[in-house]
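Below: one structure, written as structure tokens.
The values are calculated or read from the model by the stated rules, or taken from the named source; none is laboratory data. Fair warning: this is a prediction, and the values are worked out from it, not measured in the lab. Methodologically, a virtual Cβ is constructed for each residue, glycine included, from the backbone with ideal geometry; neighbour enumeration extends over all protein chains shown.
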There are 2 protein chains.
Amino acid sequence: MSDLAPVEDLVRGVRPGGPDPDPAAILAAGAWTTLVEPGDRVAGALIGAFGPAEALDALRLDTPPSPNPELRRAFDRWAPRFDEASFVRAFRNAAQIGARLLVPGDADWPAGLDDLAEHGPIALWVLAPSGPLRRFDRSVALVGSRSATPYGERVTADAACGLADRGFAVVSGAAMGIDGIAHRAALASKGRTVAVLAGGLDRFYPAQHTDLLHRIAREGVVLSEMPCGARPMRERFLKRNRLIAAMSRATVVVEAGARSGAANTAGHAAELGRGLGAVPGSVYSAASAGTHRLVREYGAVLVRDAADMAELAQDPDGAVTLDGLDPVPTADPDEARVLDVLTTRPRTVLDIAARAGLSVADASAALGMISLTGAAVAGPTGWSRVPGATRDDRGAPR
Amino acid sequence: MSDLAPVEDLVRGVRPGGPDPDPAAILAAGAWTTLVEPGDRVAGALIGAFGPAEALDALRLDTPPSPNPELRRAFDRWAPRFDEASFVRAFRNAAQIGARLLVPGDADWPAGLDDLAEHGPIALWVLAPSGPLRRFDRSVALVGSRSATPYGERVTADAACGLADRGFAVVSGAAMGIDGIAHRAALASKGRTVAVLAGGLDRFYPAQHTDLLHRIAREGVVLSEMPCGARPMRERFLKRNRLIAAMSRATVVVEAGARSGAANTAGHAAELGRGLGAVPGSVYSAASAGTHRLVREYGAVLVRDAADMAELAQDPDGAVTLDGLDPVPTADPDEARVLDVLTTRPRTVLDIAARAGLSVADASAALGMISLTGAAVAGPTGWSRVPGATRDDRGAPR
């Protein structure tokens, strides 16, 4: 990619608002989306510190800018995917389907994503009508189980219409059930809707929603942090949920079984200090078991309709608690080592670092990541593991 | 009643466990139930200080034991009902239907009622199987609207059975709808159930529940603080609700319209520091509007089943807030005067007393009563009126 002309061509294909003053940075940001899994904190920190182009050069040359062992491990993790042909493919395929690439700092960049800090997306691949994206700054996420009941479908449709009428964008994950109805109802009300996918924009998932997703791409926004060609995988669904939560002022779980992936999105919303709402239902409905649990155990606000949801989005009361809320498993080796030495009895970071064989900085960073998943909490006397929040304690991806 | 033999006869007829060492006190306590309306704080304070017999003598002789103008007004309020023939009638009619009279201090007296302090009942007329009453110390109140839905009926029946199976007595008000089903289901599970009536035990209300109340009298407990002959009146229903709440470790509202009397019972439970639970339901059900509001606005705990209710009764988390929760109107003239000068801007007791033309002690007492109803709150800078909590803001009695 030392040849500048192809870089500018590739970038121009996915940046209709261009020309960009620094096309190499754009190309590098897009390239990074092919290298890392969503939410890779080390990549986020590296790119935050050095910019995507310099970070990519370091990776190409295998010269980590610091002797940090975590960075060394990350380079080893990313290197196998380093393939300039795949970078080019990502851009060409995106251009072919009319997708554009957003990077942090763009006027269209959803501001809420910045709250994810180094866990945020490096860039976003976006399908939307031409011209500037409509703003996401008044959004509510409507999420829920794929196996929605007629009650949940009705609540979702009414809520999405009511939110659209109030000028809120409806954010969801395009899954079967609650998600799909939320998107459809928002479109039916001429409202904005945003579908956040776990895989690449060239492979709409689920297949049953291909037509719906094409319609959202024409009338709303479909986006993903993964490049064209990326398959929607279990872990990517769970990481995708953090984007849904971060892009929304409030996340509302309409229906969820006791172990629905919607609880994962709820956990992200809580972590981000966003409003968290849950719709009540029959105590005999398995599809409301998860929402009732969110209210009982996690301080989710009981919401009845679009008015309640709009109120929550305008003034999230922050009553959410995270303890044990649907932890996200992680493949990060530091985190695994820290998890291994975490107990329900609080330990200091120094103690944890010594036991895990990590630097205090690395242990501290790992604890931060683990706390994001709800598997660890900080108290006055140190960090402790949240009972029951184990890696195997997972629902299926939505 | 200076003639001792008839006194002993009258008392013996309603005190199967006798003989009582002080029958005159028992007779006086029963007599007081014919003189005062439920929750008369002045009567409670007077009888608490002097005992029922001495207090009754003072009333007979029109010699208030203190020059307190509130007491003078109370004497004037009670005097028109002073009629020894009606005292005798109350005892004879009670004996005739097999009712007994409980007074504070009796081994069978429901301990929870003591938390009502001077607002508590002076005595209780009780219909129950012969022998010592079964204890009420593990009780849950199940209350709700008269117009229950099939869903509410099912939740109530399941909950009452589950509570009975766990050894909890089910307390309710024998009304149509939720109340009646709660009693029936507890009986069907061979559990204890307590029906608290607003009128006398010789006039079961509602008439449709005459057979049910006879059955509860044979297998459980039917009680009232009002004597035989007393009509169930609107105000008495609302005051009756405080007994339901006080006798129970937790009060659960199963279904309630936006302005159900069940919210009044919930308010008493909250005031008494009892657990307050509310059952969720469809957001489209008017019968769940009140329970959702209790969760959203008053911190009621969302409860799904008997297990949740038993947990609440064992460990009420006290998350309830009272502001504006279904205030009870009052006929007390001091309270009316205080209410007239209360504003949403806080005022000191001194200021309020001056504006209302009351002594500081009387204004203070009235404020205490008003705060019990949720219509006034004390803050760091004084007392203020709770907006929307007006006397006309009433639901129908249950």
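I'd like the residue in the stretch B:1-47 that is buried (at least 16 other Cβ atoms within 10 Å of the Cβ) and not in a helix (DSSP H, G or I) and, out of all such residues, is modelled with the lowest pLDDT.
Checked the stretch B:1-47; the qualifying residue modelled with the lowest pLDDT is B:M1.
Which ones in the stretch A:290-308 are hydroxyl-bearing (S, T, Y) and facing chain B (nearest Cβ under 9 Å)?
Selection gives A:T291 alone.
Out of A:G177, A:G199, I need the residue that is at positive phi and crowded, with 19+ Cβ neighbours inside 10 Å. Which one?
A:G177
Could you list, in sequence order, all residues of the stretch A:18-67 that are over 26 Å from the mean Cα position of the chain (by Cα) and of a type in the set (K, R)?
Answer for the stretch A:18-67, where residues must be over 26 Å from the mean Cα position of the chain (by Cα) and of a type in the set (K, R): just A:R60.
Out of the residues in the stretch A:174-200 that are part of a helix (DSSP H, G or I), among the small types (G, A, S) and farther than 16 Å from A:M247 by Cβ, state the one that is nearest to the chain's Cα centre (by Cα).
So, considering only residues that are part of a helix (DSSP H, G or I), among the small types (G, A, S) and farther than 16 Å from A:M247 by Cβ, the one nearest to the chain's Cα centre (by Cα) is A:G180.
To keep it simple, each residue is scored yes or no on (1) more than 21 Å from B:P232 (Cβ to Cβ); (2) within 14 Å of another protein chain (Cβ to nearest Cβ); (3) crowded, with 24+ Cβ neighbours inside 10 Å.
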| site | (1), (2), (3) |
| --- | --- |
| B:A94 | no, no, yes |
| B:I97 | no, no, no |
| B:P110 | no, no, yes |
| B:P132 | yes, no, no |
| B:Y151 | yes, yes, no |
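Is it true that A:V301 is modelled with pLDDT of 80 or more, closer than 20 Å to A:E271 by Cβ and among the aliphatic types (A, V, I, L, M)?
Taking the combined requirement at face value, the residue satisfies it.
Quickly run through the stretch A:265-289 and pick out the residues that are touching a Lys or Arg at 6+ places or on another chain (Cβ under 9 Å), within 12 Å of another protein chain (Cβ to nearest Cβ) and of a type outside the set (S, T, Y).
Matches in the stretch A:265-289: A:A278, A:V279, A:P280, A:V283, A:A289.
Here is a check on your reading of the model: is B:N241 part of a helix (DSSP H, G or I), at pLDDT below 85 and closer than 22 Å to B:D40 by Cβ?
Judged against the criteria, B:N241 is not a match.
Please verify whether A:A207 is surrounded by fewer than 24 Cβ atoms within 10 Å (Cβ to Cβ) and within 14 Å of another protein chain (Cβ to nearest Cβ), treating the condition exactly as stated.
no
Would you confirm, using the coordinates I've provided, whether A:L272 is at pLDDT 95 or above and in contact with a Leu (Cβ under 8 Å, 6 or more places away or on another chain)?
So A:L272 fails the test.
Keeping to the stretch A:86-108, report how many residues are part of a loop (DSSP other than H, G, I, E, B) and of a type in the set (A, V, I, L, M, F, W, C).
4
Confirm whether A:R259 is surrounded by fewer than 24 Cβ atoms within 10 Å (Cβ to Cβ) and within 12 Å of another protein chain (Cβ to nearest Cβ).
When the stated conditions are applied, A:R259 does not pass them.
When residues of the stretch B:159-173 are filtered for being surrounded by fewer than 24 Cβ atoms within 10 Å (Cβ to Cβ), touching a helix residue (DSSP H, G or I) at 6+ places or on another chain (Cβ under 7 Å) and either in a loop (DSSP other than H, G, I, E, B) or of a type in the set (D, E, K, R) (or both), how many remain?
Going through the stretch B:159-173 one residue at a time, the tally reaches 1.
Could you please find all residues in the stretch B:58-82 being of a type in the set (D, E, K, R), in contact (Cβ under 8 Å) with a residue 24 or more places away in the chain and surrounded by fewer than 17 Cβ atoms within 10 Å (Cβ to Cβ)?
Scanning the stretch B:58-82 gives B:R73, B:R81.
Tell me whether the stretch B:225-239 contains one or more residues that are free of Cβ contacts under 8 Å to residues at least 12 places away in the same chain and farther than 30 Å from B:P280 by Cβ.
no
Only one of A:V103, A:V143 is touching a residue at least 40 places away in the same chain (Cβ under 8 Å), in contact with a Gly (Cβ under 9 Å, 6 or more places away or on another chain) and closer than 30 Å to A:H292 by Cβ; which?
A:V143
For B:F91, indicate whether it is without any contact (Cβ under 8 Å) to a residue 60 or more places away in the chain, assigned by TED's automatic domain parsing to the domain that holds B:D57, touching a helix residue (DSSP H, G or I) at 6+ places or on another chain (Cβ under 9 Å) and of a type in the set (F, W, Y).
Answer is no for this residue.
Out of the stretch A:48-71, which residues are of a type in the set (A, V, I, L, M) and in a helix (DSSP H, G or I)?
A:A49, A:A53, A:A55, A:L56, A:A58, A:L59, A:L71
For B:M233, work out the one condition from (1) closer than 16 Å to B:V36 by Cβ; (2) at pLDDT below 95; (3) buried (at least 23 other Cβ atoms within 10 Å of the Cβ); (4) not small (G, A, S) it doesn't fulfil.
Of the numbered conditions (1) closer than 16 Å to B:V36 by Cβ; (2) at pLDDT below 95; (3) buried (at least 23 other Cβ atoms within 10 Å of the Cβ); (4) not small (G, A, S), the odd one out for B:M233 is (3).
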